[in-house]
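**Student:** Have a look at this one before I ask anything.
The values are calculated or read from the model by the stated rules, or taken from the named source; none is laboratory data. Since the model is a prediction, treat every value here as computed from it, not as a measurement. Quick reminder, even Gly has a Cβ in these numbers, built from the backbone with ideal geometry, and neighbours come from all protein chains shown. These area figures cover heavy atoms from the full protein model, side chains too; ligands, DNA and RNA do not enter into them. Shrake-Rupley method; radii C 1.70, N 1.55, O 1.52, S 1.80 Å.
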Amino acid sequence: MDQKKQRNFSRWGFLLSAVGSAVGMANVWGFPAKMGSHGGFAFLVAYLFFVALFSVVGLSTEYAIGRRARTGTLGSYREAWATRGEGMGRIGGLVGWLPLAGSMCIAIGYAVIVSYVLKAFFDSVTGGLMHVDTGAWFDAFSGTAYSVIPFHVIVVVGTLLTLLLGAKSIEKSNKIMMPAFFIIFVILAVRVSLLPGAAEGYKFMFTPRWETLKDPMVWVWAMGQAFFSLSVTGSGMIVYGAYLDEKESVVPLAVRTAIFDTIAALVAALVIIPACFAYGLDVGAGPALLFVTLPRILQDIPFGQVFAIFLYTAMVFAGISSLQNMFEAVGESLQHRFPKLSRRMVLVVLGVICLGFGLHMEPIFQWGPWMDIVSIYIIPIGATLGALSWFWVMKKDDLMSEINKGAERPYGGLWYNVGRWLYVCCAVILCGVALIMKIAF
């Protein structure tokens, strides 16, 4: 098999697949919860700044690096470092294992979370969710070991089945899931706007409180949210870059991905924050927003069951589209690193690993330490290793040559220096702050 065999997405298919990877739990409960806890509009301003920065220089670089190597994460690091010599290339190949491990670790924990979403979808369809105390309902299954094993099997196996036909299956499934996600959340946002008291939520979201920007932690939280939401982890988006046509300009594509991802986060916030204000609930409740707050609201409105089905359908789509990217990042890399392994064999191995963790599934709260390790250590370190690899190890001319493929106007020193100094600095700061906060608290 040609190690650099080209299997390009269409432009629209690529964009929807990339947006599908980016759009997920970070948008639906992460963004509204952080916006609610860190100053509302001020947080949004800081977040938009980092999204613009990370998309233009960070996400576009991961697309470009993936397209250049067409081998997944491991081969991309190897080739980037090899611009400094074959010995450095071997070191780069080893460095790439950490961000790749990050993708697998995220997938393991993420599959558990999506299993709980699927449980909520099932209870919405049967109507059981409409007649319970939502807090007691959530505590009952989230605090009980092995309570969602069947849903976990469906999530893992179902996601892997969408990948069996190769890259094109990712494109085809996201052409259905992503438009459906946006349509459903727009419908929910319109319905929430009709709730008495929702206007206070809009005021909170869009009234400037500029003094809040003096708090450095608002910027740190916004930075972390932007990194996680755009999936700039030094691994995940590289694999989609491998399916990108040589004629496409990566920077505009990265910006479009960020725009759609931000719209998804804002639409989710327009559902959750006004609803919380209408019912006097905590807008910074995190996962409880999705499993306790919103179901309680949906119980009280006409056709609430229909809207509950809509909500959790959209969330299942968002979760699966993100899992696709995580599994594909690991699978594509292993397939190229070990060419004797077939795609089907690699996917089966990934499925067994995920299901193995699922068979030992504990209550969702027990996954906190696992996700802490992933989000506080592996993801920031992986993102930092990627940023340093592209802007400090890889030769500038090789990077700029790939960035400028398909570009109407070539990007030059300004773009490169913003990446080398500002973007890399942000990655290092986030990594350092995350480690300090973990040690301190």
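**Student:** Of the candidates Ile353, Ile149, Ile320, which one comes out as most mobile in a Gaussian network treatment of the chain with C-alpha springs shorter than 10 Å?
**Tutor:** Largest GNM mean-square fluctuation: Ile353.
**Student:** Go ahead and run the numbers for FRET between Thr144 and Lys340, Cβ-Cβ distance against an R0 of 51 Å, rounding to 0.05.
**Tutor:** The calculated FRET efficiency here is 0.75.
**Student:** Normalised by the number of residues in the chain, what is the relative contact order in percent for Cα pairs under 8 Å and 6+ residues apart?
**Tutor:** Computed over the chain, the figure is 36 percent.
**Student:** Charges only on Cβ, +1 for Lys and Arg, -1 for Asp and Glu: so what's the dipole of the chain about the Cα centre, in debye to the nearest 20?
**Tutor:** Here the chain has a charge dipole of around 1180 debye.
**Student:** Assign one of three labels to region 219-317, namely rounded, prolate or oblate, based on the Cα gyration tensor with a ≥ b ≥ c the square roots of its eigenvalues; rounded applies when a/c is under 1.5, prolate when it is not and a/b is larger than b/c, and oblate otherwise.
**Tutor:** The shape class here is prolate.
**Student:** I've got another one for you. For the chain, which span is the longest to avoid every loop-located (per DSSP) member of trypsin sites (Lys or Arg not before Pro) having at most 10 other Cβ atoms inside 10 Å?
**Tutor:** After excluding every exposed loop site, the longest remaining stretch is 6-246.
**Student:** Is it possible to state the helix-based mean residue ellipticity at 222 nm for the chain, with each DSSP H run of 4+ residues giving -39500 (n - 2.57), the sum divided by total residues, to the nearest 500 deg cm²/dmol? What is it?
**Tutor:** -22500 deg cm²/dmol
**Student:** Largest first and in whole Å, give the semi-axes of region 171-242's equivalent ellipsoid, each being the square root of 5 times a Cα gyration tensor eigenvalue.
**Tutor:** Three semi-axes, in Å: 30, 25, 6.
**Student:** Here's another thing I want to ask about it. For region 22-100, what mean projected area does the convex hull of the alpha carbons give, in nm²?
**Tutor:** Averaged projected area of region 22-100's Cα convex hull equals 6.4 nm².
**Student:** How large is the translational diffusion coefficient of region 200-269 in µm² per second when you combine the Kirkwood radius over alpha carbon pairs with Stokes-Einstein at 20 °C and 1.002 mPa s?
**Tutor:** For these conditions, the coefficient is 146 µm²/s.
**Student:** How big is the charge dipole of region 39-167 about its Cα centre, in debye rounded to the nearest 20, if each Lys and Arg gets +1 on its Cβ and each Asp and Glu gets -1 on its Cβ?
**Tutor:** 640 debye
**Student:** Still on this structure, I have one more. Heavy-atom accessible area per residue, the chain, 1.4 Å probe: how many Å²?
**Tutor:** Heavy-atom accessible area per residue stands at 39 Å².
**Student:** Each label point is 7 Å from the Cα along the Cα-to-Cβ direction; what then is the distance between the points at Ile301 and Leu94, in nm?
**Tutor:** It works out to 5.5 nm between the two label points.
**Student:** Counting alpha carbon pairs within less than 8 Å and at least 6 residues apart, what relative contact order, in whole percent, applies to region 33-149?
**Tutor:** 12 percent
**Student:** In the chain, what percent of the accessible surface is made up of carbon and sulfur (1.4 Å probe, ligands and nucleic acids excluded)?
**Tutor:** 69 percent
**Student:** Compute the angle between helix 97-126 and the longest alpha-carbon principal axis of the chain, please, reported from 0 to 90 degrees and rounded to the nearest 10.
**Tutor:** 30 degrees
**Student:** Additional query: To test your reading of the geometry: what angle, between 0 and 90 degrees and rounded to tens, separates the Cα axis of helix 250-279 from the longest principal axis of the chain?
**Tutor:** With rounding to tens, the tilt is 20 degrees.
**Student:** Further question on the same structure: Where does helix 379-388 land angle-wise versus the long Cα axis of the chain, in degrees 0 to 90, nearest 10?
**Tutor:** Taking the Cα atoms of the chain, the angle to 379-388 is about 30 degrees.
**Student:** I'm a student and want to see the number: the projected area of the Cα convex hull of the chain, averaged over all directions, in nm².
**Tutor:** Average projection, Cα convex hull of the chain: 20.1 nm².
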